[in-house]
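The values are calculated or read from the model by the stated rules, or taken from the named source; none is laboratory data. Being a predicted model, the structure only gives us computed values, none of them experimental. Cβ sites come from the backbone with ideal geometry, for glycine too, and all protein chains shown count toward neighbours.
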Amino acid sequence: MTVSLPPPVWVADTGSLAKLVRSLASQPRLAVDTESNSLHAFREQVCLIQFSTPQTDYLVDPLALHDLSAIAPLFSNPGIEKVFHAVEYDQICLKRDFDITFAHIFDTMQAARILGYKQVGLDAMLAEKLDISLDKRYQKADWGRRPLSPEMLNYARLDTHHLLDLRDCLQAELQERGRWELACEEFIRLAAGNGTTKADLPAWQRVKGTSNLSRKQLAILQELCDWRCAEAEHLGRPVFKVMDDKRLVSIALAAPKSETELEALNLTARQIYVFGSDILKAVGRGRKATPVHRPISGRPDPQILNRLNGLSGWRKVAAQKMEVESDVVLPKPWMHAIAEQNPQNLKELSSLMPQSPWRLKAFGVQILQALHGKR
């Protein structure tokens, strides 16, 4: 379905930003999305923020605005519902770049998951619920470039333009199927995350496929990771565009001493020509470095593992009955907390499932039974 739309409002100076904030502050609901440049830059940043109201689409340019603190109250205001599709990544980016915190959200992707839809991407949901087709060709575009083409601007505005209508369709279906209260609990839980991430690990621990590496090989891998990171920063590109993890691990395993040995490791001729010397130097430093100790995890408490297995088995069955994925029934962090704390009654259980009365009523007794090995 093709509809002619008025152009979006471009917000790239302090005057238009102030006007935007005044307009949005009076709205009960806002559709929100962001575009970042993770595939094209060493340090990812938010390059565009989209807002839509029933009347207007706005595109905010963070690269032109040095201070976006004025929009933060919109996100933390519990009186304004912020509608996202797949909010968690946007939360991480907005928290990282602008220290934004969140209250009162509606996540259309999570709503679709609670309803049991298998294809929950925005394009799939708009086609399913509103008979609208989205062109996703700019999904991996470089949003850090300026000026943005008219096609990219239109793509960006369409990510939020229909979101409020989709939200209303999903709310109606959630209410019809008796899952609206569950969805509200999920939205509260997601908002409480506020874009927090785990503490950074050493670079080698973020590389996949290292289980067979010795301590000496891990030291070489760490040097290779340090080289790759420095090179990526110098070139202004993501680390994987310098060299992928698989090749990095193969180099650490082989510990080559010459470019001839590098050629046998599936490196491209260009990689050897451009990076060969630096790679060999990194390998040499790794050979001389202190072997790396893998972190030693404490032996899991067998009683906790038994409780976790019981909860996991119950959760899987409950999810199959609802025709949803398991984490919709009981989010993984909550399941682990319950297994560790071993609540004995519903009151103790409720403290481990904050602001979750629907789940507690629907599943509380079953959780306690699964926890204590009872049918």
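Taking the range 208-257 on its own, how many of its residues are of a type outside the set (D, E) and part of a helix (DSSP H, G or I)?
29
P256 - would you say it is without any contact (Cβ under 8 Å) to a residue 60 or more places away in the chain, within 22 Å of Q205 (Cα to Cα), surrounded by 11 or more Cβ atoms within 10 Å (Cβ to Cβ) and more than 33 Å from the chain's Cα centre (by Cα)?
The answer is yes for P256.
Please determine, by comparing only the residues of the range 318-343 that are free of Cβ contacts under 8 Å to residues at least 24 places away in the same chain and surrounded by 14 or more Cβ atoms within 10 Å (Cβ to Cβ), which one is nearest to A183 (Cα to Cα).
Looking at the filtered set, the residue picked out is D327.
When residues of the range 71-81 are filtered for being surrounded by 15 or more Cβ atoms within 10 Å (Cβ to Cβ) and either within 22 Å of the chain's Cα centre (by Cα) or not β-branched (V, I, T) (or both), how many remain?
Total satisfying the criteria: 7.
Restricting to the range 110-141, count the residues that are modelled with pLDDT under 95, surrounded by 14 or more Cβ atoms within 10 Å (Cβ to Cβ) and more than 16 Å from T160 (Cβ to Cβ).
Selection size over the range 110-141: 1.
Would you be able to tell me the number of residues in the range 89-109 that are assigned to a helix (DSSP H, G or I) and surrounded by fewer than 15 Cβ atoms within 10 Å (Cβ to Cβ)?
1
So which residues in the range 291-307 are at pLDDT below 90 and under 12 Å from N342 (Cβ atoms)?
Scanning the range 291-307 gives a single hit, D301.
So, of the residues in the range 78-88 that are in contact (Cβ under 8 Å) with a residue 40 or more places away in the chain and of a type outside the set (K, R), which turns out to be nearest to D165 (Cα to Cα)?
So, considering only residues that are in contact (Cβ under 8 Å) with a residue 40 or more places away in the chain and of a type outside the set (K, R), the one nearest to D165 (Cα to Cα) is V83.
Can you tell which of K136, K140, K129 is assigned by TED's automatic domain parsing to the domain that holds I49 and without any contact (Cβ under 8 Å) to a residue 24 or more places away in the chain?
Selected residue: K136, the only one of K136, K140, K129 that is assigned by TED's automatic domain parsing to the domain that holds I49 and without any contact (Cβ under 8 Å) to a residue 24 or more places away in the chain.
Out of everything in the range 9-59 that is in a loop (DSSP other than H, G, I, E, B) and in contact with a Ser or Thr (Cβ under 8 Å, 6 or more places away or on another chain), what residue ends up being farthest from I100 (Cα to Cα)?
For the range 9-59, the residue satisfying everything is T56.
What residue, of Q217, Q222, Q171, is polar (S, T, N, Q), at pLDDT 95 or above, surrounded by 15 or more Cβ atoms within 10 Å (Cβ to Cβ) and touching a Leu at 6+ places or on another chain (Cβ under 9 Å)?
The unique qualifying residue is Q217.
Residue check: is Q303 without any contact (Cβ under 8 Å) to a residue 40 or more places away in the chain, farther than 22 Å from G193 by Cβ and part of a loop (DSSP other than H, G, I, E, B)?
In short, no.
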